[in-house]
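For reference, the structure discussed in these notes is given below.
The values are calculated or read from the model by the stated rules, or taken from the named source; none is laboratory data. If you're wondering where the values come from, they're calculated on a predicted model, not measured in any experiment. Here the Cβ positions follow ideal geometry from the backbone for every residue, glycine too, while neighbour counts run over all protein chains shown. Accessible surface areas use protein heavy atoms only, side chains included; no ligands, DNA or RNA. Shrake-Rupley method; radii C 1.70, N 1.55, O 1.52, S 1.80 Å.
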Amino acid sequence: VLQEALDLMGKVYPENHWRVANTRLALEYSDLLATLDPVERNQLPKADQLVQDVIELNGQGRLDDAMALADQSLAIIKEILGSDHRETAIGYSVQGLIHSLKGNSQESEALFLRSLEILKETFGETHPDYASALDLLGSLYNRMGKHDQAEALYTKSLHILGLIYGVN
């Protein structure tokens, strides 16, 4: 089914379109899951649940507990999917957000930059996930007082989103 969807997307959109990329990556992910043993395959939903728990703990202001679970989730994902997978990029962003909330701007910046690097390599520079990552880093720079850098990232993010969704 995913292969058929990819074939159809390829007829409608150019090869580098974000919808084609999402469908191609979904197919690759499905193929990867098929190669995993059941223990590994069952660990991925656990990592997802840990991220949901991170969100809940964050909402309760329990940032140290949230970070511990974010670390666990990222360790699972890196072990199974590797350090350059898009899911790993999400894990780095989650950690970066917690560090940002804890006031650890330098650690947050390093994690956001790593996430951005993975997303750029995975999707290119015209994907909504890449634009969101630029926005996250821009928000951090804004809080750090690096307003020129923040503005540049916001502008780039808005440009990408304008290309994707059109400008009204």
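A few points about this structure:
- Here the gap between Arg41 and Asp71, fully extended at 0.36 nm per residue and compared with their Cα-Cα distance, gives a gain of 8.9 nm.
- Overall Cα dimensions of segment 1-47, principal axis frame, Å, largest first: 38, 18, 11
- In this structure, the residue pairs whose Cα-Cα separation is over 22 Å, taken from Lys78/Lys120; Lys120/Lys156; Lys78/Lys102; Lys11/Lys156, are Lys78/Lys102; Lys11/Lys156.
- Cα pair count fraction exceeding 22 Å, expressed as % - the chain: 51 percent
- Here the peptides 89-102, 69-82, 3-16, 20-33 are ranked by packing, the mean other Cβ count within 10 Å, and the order with the highest first is 89-102, 69-82, 20-33, 3-16.
- Over segment 30-139, accessible surface divided per residue gives 50 Å², non-protein components excluded, 1.4 Å probe.
- Once the chain from Asp31 to Asn104 is taken as fully extended at 0.36 nm per residue, the excess over their C-alpha distance is 22.5 nm.
- Sparsely packed loop sites in segment 111-168 (the trypsin sites (Lys or Arg not before Pro) outside DSSP H, G, I, E and B with at most 10 other Cβ atoms within 10 Å) do not occur.
- Within the accessible area of the chain, the carbon and sulfur atoms contribute 52%, probe 1.4 Å, all protein chains present.
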